[in-house]
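Here the structure comes first, spelled out in structure tokens, and everything after it is commentary.
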Amino acid sequence: MDSWRWMFDACRVPDKPCDWAVTYAKEGDNGISGHIIALRRGRVWKIPAVVDGRLISTWELEAQLQYVHDHTAQEYPGVGLLTASNRDVWTDDYHELLKDPQNEAILREIHSSTFVLCLDTEKPEGPIEHSRALWHGGVKGGQLGNRWNDKPVQFVVFDNAKAGIVGEHSVMDGTPTARMCDEVLDALLDKAFDHGPSASSNLAPPQALDWKVTTKIENAIEKAKAAAEGLVTGQTLGYHLTSYGKAIIKKFGVSPDSWSQLLVQLAYHRLMDGEPLEGGTYEAATTRRFKKGRTEAIRIVTKESRAWVESMDDASISPAQKQELFMTAASKHIADAKEAGKAQGIDRHLLGQFILVKL
């Protein structure tokens, strides 16, 4: 469970030759502490999480966010764009920011915040726009200045009340992040959830934290914007809704996970028109049963999966044979996944050896 302490009150910090992570979590903290950072139109706001010795209530938080909304009518320098840059480039820009004490103080407030709440001005519609707006910092990258991509958790709320989360993967993994999202959604739907008192006269308004932006930083933001736009426009996104779900798949005695992984390989094989190219797909297995364990890679492409994929467009192979090949490939996938979860994979082992050789 060590990874939970890297979800809140922590941040990734750019550096050379590699990044590092800082945590402000304190042993014995009961959660009645800290602050959050809200971003609106690129402007940074510090919102206290505690008043009168308790966490602020839902209504008090709403008032704080309304204040942020009402007092951010214009666009501010999108310093957050720098966090979307190549890590070495961001490291240089980060140290340029640090030269000014005011900027250094803002960075410290961001790093130590519980999480970042991005209040975007866009109103994405439909699953694709919604996904792109989260992943790309706006449907076309226009909200990247309203992000701080080094934070493990960024909640994003759009002006049409749609919302989502952006997770920073270097210090966090999917399983605890998904668990956190489940907890948040359950609390939202829980009619018995304690939203706290209506208001406190001791709660100060949120504090605006405005950057000192030099010409050098302005130029860095423009370069980061151009690089980000290239990445955003170079990606496409789509989805397909099946007429069935995991319940039907399980009735065939197959894991929905194996089903999905094998279909990806079949789709890739057909996309490449049967050319003998390896369609490497990636899947992580959690190794959290071990102290400070994170992930191992499951080797998805196997001789069993390849045999099934190639059989699907071979008219000489009967449906029964294809089904048998599929079940064999699915069984192999599950077996490998279980081994990886027990730290019996090869990728992390080989990585460890590689690092030792370099040292």
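The numbers here are math on the coordinates, done by the rules we state, and not lab data. Keep in mind it's a predicted model, so treat the numbers as computed, not measured. No Cβ is skipped: glycine too gets one built from the backbone with ideal geometry, and neighbour counts run over all protein chains shown.
Listing for the model above:
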{"read-out": "Cα long-axis angle, helix 319-341 against the chain (0 to 90 degrees, to the nearest 10)", "value": "40"}
{"read-out": "Pair L98, A247: separation of 7 Å Cα→Cβ label points (nm)", "value": "5.5"}
{"read-out": "Rounded to 5, the percent of DSSP beta bridges in the stretch 2-233 classed as antiparallel", "value": "70"}
{"read-out": "Segment K123-E183, length gained on full extension (0.36 nm per residue, minus Cα span)", "value": "19.1 nm"}
{"read-out": "Lys pairs, the stretch 246-358 - Cα-Cα below 17 angstrom, 8 or more residues apart or on other chains", "value": "7"}
{"read-out": "Karplus (6.51, -1.76, 1.60) ³J(HN,Hα), θ = phi - 60°, over the stretch 32-37, in Hz, Gly and Pro reported as x", "value": "8, 6, x, 8, 10, 10"}
{"read-out": "Footprinting exposure proxy for W90, W59, W259 (fewest neighbouring C-beta atoms within 10 Å first)", "value": "W59, W259, W90"}
{"read-out": "Estimated FRET transfer efficiency (A25, V89; beta-carbon r; R0 30 Å; 0.05)", "value": "0.55"}
{"read-out": "Estimated FRET transfer efficiency when R0 is 25 angstrom, pair Q323-V301 (beta carbons, to 0.05)", "value": "0.80"}
{"read-out": "Separation between Cα centres of the stretch 126-195 and the stretch 46-90, rounded to whole Å", "value": "14"}
{"read-out": "Segment R294-K16, extension gain: residue separation times 0.36 nm, minus the distance between their alpha carbons", "value": "97.7 nm"}
{"read-out": "Contour excess over end-to-end distance, with Cα ends at H69 and L231 and 0.36 nm allotted per residue", "value": "55.4 nm"}
{"read-out": "Globularity ratio of the stretch 144-201, using Cα Rg and 2.2 N^0.38 Å", "value": "1.40"}
{"read-out": "Cross-link reach list, aspartates and glutamates versus K191, counting only Cα pairs under 15 Å and skipping chain neighbours closer than eight places", "value": "E183"}
{"read-out": "Spin-label pair E109/L351, simplified geometry with 7 Å Cα→Cβ offset, distance in nm", "value": "3.6"}
{"read-out": "Two-site label geometry, Q344 and E222: point separation in nm, points 7 Å out along Cα→Cβ", "value": "5.9"}
